[in-house]
Each structure stands twice: as structure tokens, then as C-alpha cells.
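The values are calculated or read from the model by the stated rules, or taken from the named source; none is laboratory data. This one's a predicted model, so the numbers in the text were calculated from it and none came from an experiment. No Cβ is skipped: glycine too gets one built from the backbone with ideal geometry, and neighbour counts run over all protein chains shown.
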Ligand SMILES: Cc1cc2nc3c(=O)[nH]c(=O)nc-3n(C[C@H](O)[C@H](O)[C@H](O)COP(=O)(O)OP(=O)(O)OC[C@H]3O[C@@H](n4cnc5c(N)ncnc54)[C@H](O)[C@@H]3O)c2cc1C
């Protein structure tokens, strides 16, 4: 007897429960975007699925694998390279927002978290008991642990403490056909086999769906101190960064703002930053009271000897004001022009003194307003080209300028991305960075986990 083939979405609803599979046009449209600031290839998905437990994820992958339905995983949708954007109307978005539980193991200093946990929630909970989860993307108040792992997210204090990858001890994930893999354990040393845990970190949803992760916690540093250094020459910035980083002091953050970044933030919400300066550095050290006081003095001494003006925040209010100014850069740039291409290239630190002026030359060549800021201690710079969205000619100039920025980063043995990932917007440049042999290997790894190319197809590597 031949039965009538059931609609795949009906199969999903039956298997998971109707309230977990939403096919309303409103939801489908809402979940077809992420925070990517430039237009990307995008489709309205056939459904948005909200798993609540690992079994839901297994069932949905089993069905999608049988029915050849593309799967687009999503955390909070704060990604900046189109990673969570669905690109096939037959596909489903899988939003992990209902899988938001976590359990702290204080004695082992680990936490086991579901992917939909908001990073700030986890950080607040562990800090209440004297522990610390350092990865601090600026989006930490809404982005999720799943999204942070999938993007290998980082932030200012990753200079000292390392990016998300350093804190992922193990993962559980659902890969091809609904198979479950579990890697790693709540242990600090583990050299058994290939490191699949780390392979999953930064895989941007292309290898499978993460359902849980064991994360390392460390003791919370008791105190911190912040210094503000003001520069009249861009070349001096690179030299100052190298001098600080080779002095024996290990700052917990070393952030850079160029001339236009300072002006943008002062025009947005004044914080008392020097508007006539060429650039500034925010330098934070943390640790015990005595170590902090010794280290911030060393930093001040190094900079003063170089002829750079430096002041140390004397109270928490001043410290907060400085870091709020740094965090306000995103919205401040939004006030300058309607369009923005924000890249996050990385240079080896020693080339910064040369590279910073070269970035300015690129902006001049294409007659564009460029704002540069970022985590200069680890060579990671946010290069922003601003343009008028209604002016296609200016937008094209910005796109050409970005190509040159990536070429510059790679010519200095840097990277096309230190934080935001490849997603849709940087696929072309990934080939430049890896070369054909390396790129083939990436493609082979992708197909081993996902031979039908159903997990986040079209992102990162083209198969
Ligand atoms: C204002 C702002 C500031 C930002 N600042 C920073 C910053 O300082 N540092 C930084 O690194 N990034 C930053 N970002 C980028 C973004 O917040 C990070 O990439 C973040 O990690 C994305 O998390 P999310 O939960 O929003 O994930 P989403 O954007 O929803 O998804 C990101 C990727 O993860 C995949 N994914 C999500 N959940 C899963 C899962 N369970 N299994 C498999 N794949 C999954 C998605 O498919 C996608 O490829 C910023 C973004 C904004 C808007």
C-alpha cells in the first residue's frame, strides 16, 4: 500500500510538538535577519523551530536529514557576518532561546551550559560565587553561549584571558542523521584523539548543532585599574603597545581609539576624552591590590618615558566613564552616516606601527570616512568604513577599500577576522587566507560532519 507522503513540517510538528514549530509568516520573517549591518543573501525560512531539550534537536536533525531540509542554527542573532541568516526558503531556523539552563560545579570550577544561555546571565551567576568566565564580547548582555562558541567570540579582556576557545572543555552536538557526539570532559588536561572540541569552536553552525558545553571557570580577579594614554602621532601607538606588552606587565585589556573614534564618541555622549588627540589607548590591569598598583605604575612609567601623556583613573566612576565611552562606539558610529562596513582584521603586534598609517592611506585613496578602534593588544582592529546608503557609488568605494584592508592584513601575516567570523560576508576572503590546499581541507572537514551540506549551508566554506 502506498501512503500519502506527510509534509516535512507536519512531521516536525508531530515529532516535537506543535508549539515548538512556528510557521507563522511574522515569526519566519523576524527570524530571517541577524545584526549584519550590510545587505546579505537572505530567505524567509519555512519554519522557526524552538527545541527545549537535546531529544528535540536529535529528532529535528533526523527528520531534516531524511527530508533534505537545510538547518540554520541561531542564538540571539547578534552576529555581524550573516551566520544565523537563512539562505534557503525550504530551510528551517533552529532558535536555541528555550535551551537556556546551566549548572555550576564550583569544586571543579566548571559550568555546563545549554546553548541558549545568555552570556551575561552565566557571568553574573559565577561571579556571585567568586568565579570568573572571562570571554566578553560587547554583545554579552544578549548574545548566547552557543553563538559565542560557534563564533569563538572575544572581547577586550581576551588579551590576557584568551578567547571563548580557551574555556570550552567539552561539547555535546548533534551532527549528520541526528547522531550525537560528546567530546571532552570537565577536566583541564585531555589529549585523547583529535581535538574535536576545538574544531567545533568557531565552526559557525556548519558542522552540527551544539546542545551543551562544559566551560572552564577561573578565580575572579579582586581588583582592576585603568589608565588613559593620549597620542599625538599614530606611529607612536604601535610602539607603545609593543613596549607595554614586552615589559613584563600583562594588561587585562589594551584598547585603541583613533581620532575619528574619539570625536564620534564625544559627539554622541561626551565622556571628557581629548577631541584633538590623534589616538588614545585604554589600558586595564587586574589582580590583587598590590599587583595592580605596581603594574599600573609600570605602564605609566613606560608611556611617560616615551613622552606620552597618561592618567590613571582614581575612582570607579572615572573607570566606568572611560569604559562606557569605549562601549558607546557602536551607536556613536551609527550617528555619523547611514551605512557602515565594520571589519575585524588582525595584525601581528609588531607590524601595527606600520599598518595603522597604511590603513589611513587606504581611506584617503578611496576618499572615505574611516574609523578605527579595537583590541590593539592582540592586534585585533575594527576598521569601519562609513558611507551614505543612498549613494551606491560611495558604497562601492567602501567595498573596494575593504578588499585592500584584507589584503593588507594578510600581507602582514594577519587574519581577515579576529572575532566576527566568516559567515556569508567574508567567504571570498577565506580562500585568500587559506589558499587552495587549506580550503580543500576545510571543505573535507565540513562534509565529514555534514555530507548532505544541510547545516548552515553556504556559510564559511562553499562545498
Ligand atoms: C553591538 C554588537 C557588538 C558585538 N561585539 C562583539 C565583540 O566584542 N566580540 C565578538 O566576538 N563579537 C561581537 N559581536 C558579534 C556577535 O555578538 C557574536 O558573534 C556572538 O558570539 C553571536 O552570538 P549570538 O548568540 O547572537 O549568535 P547568532 O548571531 O545567533 O549566531 C552566530 C553563529 O552561531 C551559530 N549558532 C548559534 N547557536 C548555535 C548552536 N546551538 N549550534 C550551532 N551553531 C550555532 C549560528 O548559526 C551562527 O553561525 C557583536 C555584535 C553586536 C551586534
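Put simply, of 128, 74 the only residue that is farther than 23 Å from residue 326 by Cα and more than 8 Å from the ligand (Cβ to nearest atom) is 128.
Looking across 414, 379, 418, one residue alone is free of Cβ contacts under 8 Å to residues at least 40 places away in the same chain, touching a strand residue (DSSP E or B) at 6+ places or on another chain (Cβ under 7 Å) and under 25 Å from residue 162 (Cβ atoms). It is 379.
Each row is one residue, and each column tells you yes or no for (1) assigned by TED's automatic domain parsing to the domain that holds residue 390; (2) within 23 Å of residue 148 (Cα to Cα); (3) surrounded by 23 or more Cβ atoms within 10 Å (Cβ to Cβ); (4) more than 13 Å from the ligand (Cβ to nearest atom).
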site: 42; (1), (2), (3), (4): no, yes, no, yes
site: 46; (1), (2), (3), (4): no, no, no, yes
site: 57; (1), (2), (3), (4): no, yes, yes, no
site: 68; (1), (2), (3), (4): no, no, no, yes
site: 80; (1), (2), (3), (4): no, yes, no, no
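The set of residues from region 291-300 being surrounded by fewer than 19 Cβ atoms within 10 Å (Cβ to Cβ) and closer than 19 Å to residue 233 by Cα comprises just one member, 300. Taken together, the residues in region 138-154 that are within 6 Å of the ligand (Cβ to nearest atom) and at pLDDT 95 or above amount to 9.
Can you say whether residue 422 is within 20 Å of the chain's Cα centre (by Cα), within 14 Å of the ligand (Cβ to nearest atom) and crowded, with 20+ Cβ neighbours inside 10 Å, as far as the supplied structure shows? Spelling it out, residue 422 is indeed within 20 Å of the chain's Cα centre (by Cα), within 14 Å of the ligand (Cβ to nearest atom) and crowded, with 20+ Cβ neighbours inside 10 Å. The residues of region 144-167 that are farther than 20 Å from residue 75 by Cβ and in contact with a strand residue (DSSP E or B) (Cβ under 8 Å, 6 or more places away or on another chain), listed by number, are 156, 157, 159, 160, 161. Only residues that are surrounded by fewer than 18 Cβ atoms within 10 Å (Cβ to Cβ) and in a loop (DSSP other than H, G, I, E, B) were counted across region 11-34, and they come to 4.
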